[in-house]
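The values are calculated or read from the model by the stated rules, or taken from the named source; none is laboratory data. Owing to the predicted nature of the structure, the values given are computational and were not obtained by experimental measurement. Cβ: placed from backbone, ideal geometry, glycine included. Neighbour counts: every protein chain shown.
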C-alpha cells in the first residue's frame, strides 16, 4: 500500500497545460523532493495534492483511498498536511498563545470575543498537549519571534492534528 498515489494527474488553466498525465507513488516513510524551474508546475502539484486545486483529470489516492474529490479541509482531517514557505505567526505573542489561537480557530469559539482565553480550559489543554508533542513545552512562554525558523514552522502542523 502506498502512502500517496498520483494517477495520471493533469491540470489545465484555460489553454495552459500545467501538469500532463503525472503519475507517482510515495511509499510509507519515503521522502521525496520536487525540484524544477519556475513555471514547471511544482506549486500546482502541491495544490492538487492538498485539495486547493482540482485536477482536470486523474486521481489522488491516500493509503489507497480515492480522495480526488475531497476538499482541502477534509484531506487535512485524514492527516494530509501542507506547510507553506512563509510562516504567519503573531511574533509578539508567546508560543502557547499562538498555538491556542490555532486551536481556537478550528472551533466555533473563534467567533467569541467577549470571554478571556482563560475561560477556554479545554482549548488551553489541547494547545499545551500539542506543545508537549512537538517538543516545544519548555519554550511555551517565549515570544514566538525568539524561535528558530524550523521551530516556528512546527505550529503549522496544528491544522492537521
The one condition in (1) touching a strand residue (DSSP E or B) at 6+ places or on another chain (Cβ under 6 Å); (2) surrounded by fewer than 15 Cβ atoms within 10 Å (Cβ to Cβ) that residue 67 fails to fulfil
(2)
Name, by its number, the condition in (1) at pLDDT 85 or above; (2) under 16 Å from residue 101 (Cβ atoms); (3) assigned to a helix (DSSP H, G or I) that does not hold for residue 157.
(1)
With the checklist (1) closer than 28 Å to residue 149 by Cβ; (2) touching a strand residue (DSSP E or B) at 6+ places or on another chain (Cβ under 7 Å); (3) without any contact (Cβ under 8 Å) to a residue 40 or more places away in the chain in hand, flag the one item residue 94 doesn't pass.
(3)
